[in-house]
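The values are calculated or read from the model by the stated rules, or taken from the named source; none is laboratory data. Computed from a predicted model, the values in this text were never measured in an experiment. Here Cβ is always computed from backbone atoms with ideal geometry, including for glycine, and neighbour counts include all displayed protein chains. Quick note on the areas: whole protein, heavy atoms, side chains included, nothing else; ligands and nucleic acids left out. Shrake-Rupley method; radii C 1.70, N 1.55, O 1.52, S 1.80 Å.
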Amino acid sequence: MKKVDNKIEDIFNYIKQINGNSPDITTRIVKIDKKRVGYIFLQSVSSDDKISDFLVKSLNLDYKFDTTNFFTNLFTNLQNSISNSNLKVVQTNEDLFYYLASGFTIIVTDYETKVICVETKTNLDRGVTEASTETVIRGPKDSFTENHMINMGLIRKRIKDPNLWFDEFKIGRRTQTKVDVIYLKDVVDMEKINKIKDKLSTIDIDGILDSGYIRQFITGKKTYFFPKLLSTERPDIVCTNLLDGKIVILIENSPFALVIPTVFVDFLHSAEDDYQIPLNVSLTRILRFISLIITIITPAFYIAMTTYDIKLIPSHLLISLAAQRRGVPFPTAVEVILLLVIFEILRESDLRSPSKMGASISIVGALVLGDAAVSAGIVSPIAVIIVAITSVSGLIFSDIDMVNSIRIWRLVFLIFGTVLGFVGIVAACIILTTRLASIETLGTPYLAPISPFNLKDQVYGIFKKSKMSTTKRPNYLHTINKTRGSK
Amino acid sequence: MKKLKLLIFILSIFLLTGCWNYNELNDLALISGISIDKDEEGFIVNYMISNSSKSESKSNSNETSTILYEGRGSTISKATENINQKLPKIPYLSHVEVIVISEEVAKNDMLKAMDFLLRNPESRKEIYLLVSKDVKAKDTLSILTPLESFPSDNIKSNITSSTNEIATTSTIKYSEFLAELIQRGIDPTLGVIEVEGNIERGQNQESNDNARQDAIIKLTSSAIFKNEKLVYITTQDESTAIDILNKKLQNIYIETECNNEKIVTYITSIDAKTKVKIENNKPKVTIDVKGDGSLIEVNCKVNLEDSKIIEEIQQQVEEKLKTFLYQGINICKKYKTDTFGFGNKIYKVNPKYWKSIEEKWNDELLPQLDVEIKISIDLYSKGSLNQSIKEEIK
Amino acid sequence: MKERISSLQIGAITWNLVLSAYIGIVPTILFYKLKQDSWLAVLLTFILGIVIVCTYLYIWEKMPDKNIFQKINCIFGNKIGAIINFFITITNIFMTVIYCYSMINFITSQYLIKTPNTFIIIIFAIPVVYLITQKLEVIGRVFFIFWIMSLLLFLMTFIGLIFQLDFNNLLPILENGINPVIQGSLLIMPYTSFILFLFLSIPKNAIIDKEKVNKRVLIFYSLAFFSMFTGVIFITATLSGDLAKIYQFVEYQVLKRVALIGFIERVESTLSMRWILYIFATTIMGLYFTKKYIIHSFKIKKHEKLIISMIAVISLLLSNWIFPNNTIANKIVMNIIPYILYIFYLLLPIIIAIGLKLKTKKVKR
């Protein structure tokens, strides 16, 4: 690590050289008592107002200094006059650009191998707004932004416990992104923290742009279709999970925080569950669970029922089903797959297209799928109904990874159902259950609290009790501190 | 290694050049009724197949919405093979609702029909069995009525609705028939279907457009079997008596006389309990019949507010019912078949005694069986009127 | 790598194992020999079976850190122990094959009539191979979930059939005396109670809460027998004894009569899926037993997943060719196999139990 140069011009030239003479490097040299003080900043990330307010004013005073102690006097002077900034003394060349890019202004002098870095960051983000992907009707509506400090602040102001620890890592060779591991120290299981820290410290990558990059490093090499980490935009969900004893990872420039360890039933919960009457919440969760089953099994069930096991259908319905299938050129399975693919294309294009064009796409889609295809004899009306039921119940999940994984498993069930009818669906059920049961994150099985069955943990599963009765933290997290109250 | 497994798996799916049990719905012929007849050459089997496109569009065209396919052969399976050659679709037996068997087949070849249907794993065992009297079985299937869209449905709804009201016949399902056939000491009965009116015109859809129909289906009597052979088709009254004693019917109208006029009583909730005792090495059967009666029609001049007269009417009703029920028992004794299952009850209570008399049961002991019927009717309601109109007019 | 399983999951596996004989084996034997007294035979088997299960639990109790193969080696010495282990495993594979045969027979004759057996075996082999290569915890979790599903299906069957019972069909009781009942009960005992021998391949230290295991195994065993008992009573009471004798798969025929709430009528296919799950459980436990044997005797560390997958596929394919037709299968299942099983699963554990008792007495001194 090379020390900083003595002369101001050398430092400035060094910085301009390594950055290829970037247009946003701004330098200025000021004379204080006939000694030169120079400062350099990147205009793209620094705020002009702050620089002019604090630095230039304080540097433009008339002081008389000794030459020998010039640097220290300047330092103390700045410390006194700039009261609300971050001040660092840097001695190595390599760190200089990091600070410049983070919005710091570097103050350099002749004859000294140290420089002062003062934070003058400009506000490049959008401020705290409403969450775009997870909406609630009743409850706090603020969401994380791309500003790391604001995100930390949103968590800090909710949990004022000094035991809330933030462990920071800088990951990514070129991006040097800050990654924070957040936990309650006297609650969480320290083994898990150590495992996560080990994994994070071994990451060797170019850059981290979003929390999604970190996911794969933490979950390991095996790729499962189901998401092993919950990503959320809302600070209140993050704080609930922290109080339960889970670990949260916060990444700079990303409004999505990751929660570890996650279990399968967490995806059946929504943000509002804690704010409503518990009985209603239990029934809603059961409804979500039923819709999960409906969305995975219905196409396969329909195919198995109408092609293999026709005795299941009552006679009148059978006649009308048979009449509807006349004239349709495709076998049932192909019909259903075709409609599913068209529906997925519709959904994908709805997501990507700007909102002005979005309305016409959904109208066209409905018209195309609904009336025209049926009248033209390409598909039968009952297949349209089945695919519509399937897709609508699939939209009940908010996590995009979950929705994608359900899509794939729906297809697997469909293939098994086409090949072997109900027996095939049972075989596919077995495979799905095995897959779910074999996932483990940091020692927590994915199907807890249902599969390693624990009666007291059921309140964290599908059924919910009121906050007054839930006095213990979930057992499957193996927390140090098990009770929430004073006892 | 994992990729290799996945590859083998995916490749093996492409070997599925035909999933063997995969049938598209519109490739199947949905059979809703079967009829079995017999003539000199062999069996005649008819399938009644729902013609799906016509019944879905619900148009008032002149074409029928079901089609009958006929096949002939020396055995029933050969006859069905004959039909399969004529059918453009794959026959599908799981939705059969009615099987009509002609009298000739029921007299001699019932078992052949049973075995064919029982062995086929697709068929369900909740099918209604009927014997057709005086008409060919296939003609009964083809009579159409305007309220339902296919004839087999008509028979089924006729059957199921008639058991709950005053009906004169009971509905027997295939599984019940089989159970009664196989169990020892009990012989089965079946319902009988007849057609009243002109068959030819009834088969045409046009007849449904007139207010009065040309051909109607009636379910009036029962067919008595001895083991698997049909021995006798009862009259309407006898059939009612048999059904009451078999606990399949709970309502009946009884007429009694008073002063050359009639009083009609409607008896409901009839419960006939049979008990079998063995006294002096001889079986004795006691049947306790209980019911609730209400006066429906009073045409003579009686004072209904006198409790003695009510009691008299009650006793007359009981006597009438007793003679009525004895009709059914006499049929059973005359034809030497155990329709009510007295032998079965003896077997369940005392199997050793049953074993000793098993061979002699049907022919010797049954006609001499001592059957006692005790009736108690509770005449609790007189309808909306307290008194007979004639009495009031004076 | 320590494998752990919880006692509740062991209980759920008990339910699955005991009831896997319900399809094809137990009703065939019972309704053939005793028509309406079958429920008495089930009761008798339950009572006699508890003694045997207690023997197995006793063997399990001693030397909790070893599985059955190591215990046998400990008692009998290495050479004789190896031979005995080999014979036990061969019997076990044979039994797995027979259960698979009955399930495939069921599927081919009732659902998928034209599909060739090999194809069904291939499709069935995929989940079997996938599950057997996982750890013991995964197996435990999967079967717990299946227990919940089969309990729901059992309750639906129960509610659907309970209004159609006619208890008169259960008379006459003990028509031919008590001898046939004892005979029938001794014939079905191997298939229902001896199957729990498969648990002995898990060393007791691998169970998380091992104090509760004994109680839970007995409770789930009783629950499974209760389910079988109600099944047999429903069959006898709904169809009569005589009618039950002529059907090939009586338990499936009686499901055709289920009528729930008036419109759920033709649900026999879905309600019978739980039997496939039971036989799946027996297959997996049997193959797990074999896997432990191979790890123990051949001391293989590397390719155990591949070897056990191949053995799984081969034993499943064998089930297709083991019996030429159904009549011979019924004869062998009824007459020959119980005697083989009595030797290996009754005499042998008694000897092992005595041997263990002597050994632990020696150690205590």
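A compact table of results
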quantity	calculated
Unique match (being in a helix (DSSP H, G or I), open to solvent by 40 Å² or more (accessible area, probe 1.4 Å), more than 14 Å from every other protein chain (Cβ to nearest Cβ) and small (Gly, Ala, Ser)) among A:SER291, A:SER362	A:SER362
Selection within region B:335-394 - among the aliphatic types (A, V, I, L, M) and assigned to a strand (DSSP E or B)	B:VAL371, B:ILE373, B:ILE375, B:ILE377, B:LEU379
Elements of type strands (runs of 3 or more DSSP E) in region A:105-206, at least 1 residues being touching a residue at least 24 places away in the same chain (Cβ under 8 Å) and among the polar types (S, T, N, Q)	A:177-184
Region A:231-249, residues that are outside any loop (DSSP other than H, G, I, E, B) and more than 25 Å from A:GLY127 (Cβ to Cβ)	A:LEU243, A:ASP244, A:ILE247
Count of residues meeting criterion [more than 14 Å from chain C (Cβ to nearest Cβ), under 30 Å from B:ASN251 (Cβ atoms), free of Cβ contacts under 8 Å to residues at least 12 places away in the same chain and not polar (S, T, N, Q)] in region B:315-374	1
Residue match in region C:190-204 (condition: of a type in the set (Phe, Trp, Tyr), under 23 Å from C:MET334 (Cβ atoms), away from chain B (no Cβ under 14 Å) and open to solvent by 10 Å² or more (accessible area, probe 1.4 Å))	no
A:SER375 out of contact with any helix residue (DSSP H, G or I) (no Cβ under 6 Å at 6 or more places or on another chain), open to solvent by 30 Å² or more (accessible area, probe 1.4 Å) and in a helix (DSSP H, G or I)	yes
Sole residue being closer than 30 Å to C:ASN67 by Cα and among the hydroxyl-bearing types (Ser, Thr, Tyr), chosen from C:SER227, C:SER269, C:SER240, C:SER193	C:SER193
Tally, over region C:257-266, of residues that are open to solvent by 10 Å² or more (accessible area, probe 1.4 Å) and touching a residue at least 12 places away in the same chain (Cβ under 8 Å)	4
Pair list, Cβ < 7 Å and 6+ apart or interchain, from region B:22-48 residues that are within 14 Å of chain A (Cβ to nearest Cβ) to residues that are among the aromatic types (Phe, Trp, Tyr) and part of a loop (DSSP other than H, G, I, E, B)	B:TYR22/A:TYR308; B:SER32/B:PHE150
Residue identified as under 30 Å from A:GLN458 (Cβ atoms) and part of a helix (DSSP H, G or I) among A:ASP266, A:ASP350	A:ASP266
Residues (open to solvent by 10 Å² or more (accessible area, probe 1.4 Å), within 13 Å of chain A (Cβ to nearest Cβ) and not in a helix (DSSP H, G or I)) located in region C:4-38	C:ARG4, C:SER6
Selected residue (criterion: surrounded by the most Cβ atoms within 10 Å (Cβ to Cβ)) from residues of region A:378-390 that are under 15 Å from A:ILE294 (Cβ atoms) and free of Cβ contacts under 8 Å to residues at least 60 places away in the same chain	A:ALA388
Any chance C:ASP242 is on the phi < 0 side of the Ramachandran plot, of a type in the set (D, E, K, R) and in a helix (DSSP H, G or I)	yes
Residue, modelled with the lowest pLDDT, within region C:303-341, restricted to residues that are of a type in the set (Ser, Thr, Tyr) and crowded, with 17+ Cβ neighbours inside 10 Å	C:SER319
Matching option when the condition is among the basic types (Lys, Arg), open to solvent by 20 Å² or more (accessible area, probe 1.4 Å) and in a strand (DSSP E or B), among B:LYS308, B:LYS262, B:LYS247, B:LYS301	B:LYS262
Positions within region C:135-158 being crowded, with 17+ Cβ neighbours inside 10 Å and not aliphatic (A, V, I, L, M), in sequence order	C:GLU137, C:GLY140, C:ARG141, C:PHE143, C:PHE144, C:PHE146, C:TRP147, C:SER150, C:PHE154, C:THR157
Subset of region A:206-219 (residues that are open to solvent by 40 Å² or more (accessible area, probe 1.4 Å) and among the hydrophobic types (A, V, I, L, M, F, W, C))	A:LEU209, A:PHE217
Test: B:THR220 is at pLDDT below 80 and touching a helix residue (DSSP H, G or I) at 6+ places or on another chain (Cβ under 7 Å)	yes
Residue in region B:92-125 that is surrounded by the fewest Cβ atoms within 10 Å (Cβ to Cβ), counting only those that are within 14 Å of chain A (Cβ to nearest Cβ) and in contact with a helix residue (DSSP H, G or I) (Cβ under 6 Å, 6 or more places away or on another chain)	B:PRO121
Single residue of region A:449-459 satisfying the filter (within 9 Å of another protein chain (Cβ to nearest Cβ) and in contact (Cβ under 8 Å) with a residue 12 or more places away in the chain) that is nearest to A:PRO278 (Cα to Cα)	A:ILE450
Selected residue (criterion: surrounded by the most Cβ atoms within 10 Å (Cβ to Cβ)) from residues of region B:224-244 that are out of contact with any Leu (no Cβ under 8 Å at 6 or more places or on another chain) and polar (S, T, N, Q)	B:SER239
Qualifying residue in region A:379-390 (condition: more than 14 Å from every other protein chain (Cβ to nearest Cβ), at pLDDT 85 or above and over 31 Å from the mean Cα position of the chain (by Cα))	yes
Tally, over region A:220-275, of residues that are touching a strand residue (DSSP E or B) at 6+ places or on another chain (Cβ under 7 Å), farther than 21 Å from A:PRO140 by Cα and among the hydroxyl-bearing types (Ser, Thr, Tyr)	1
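Residue by residue, here is whether (1) loosely packed, with under 15 Cβ neighbours inside 10 Å; (2) more than 22 Å from the chain's Cα centre (by Cα); (3) acidic (Asp, Glu) holds:
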| site | (1), (2), (3) |
| --- | --- |
| A:GLY394 | no, no, no |
| A:ASP399 | no, no, yes |
| A:ILE406 | no, no, no |
| A:TRP409 | no, yes, no |
| A:PHE413 | no, yes, no |
| A:ILE430 | no, yes, no |
| A:ILE450 | no, yes, no |
| A:LYS456 | yes, yes, no |
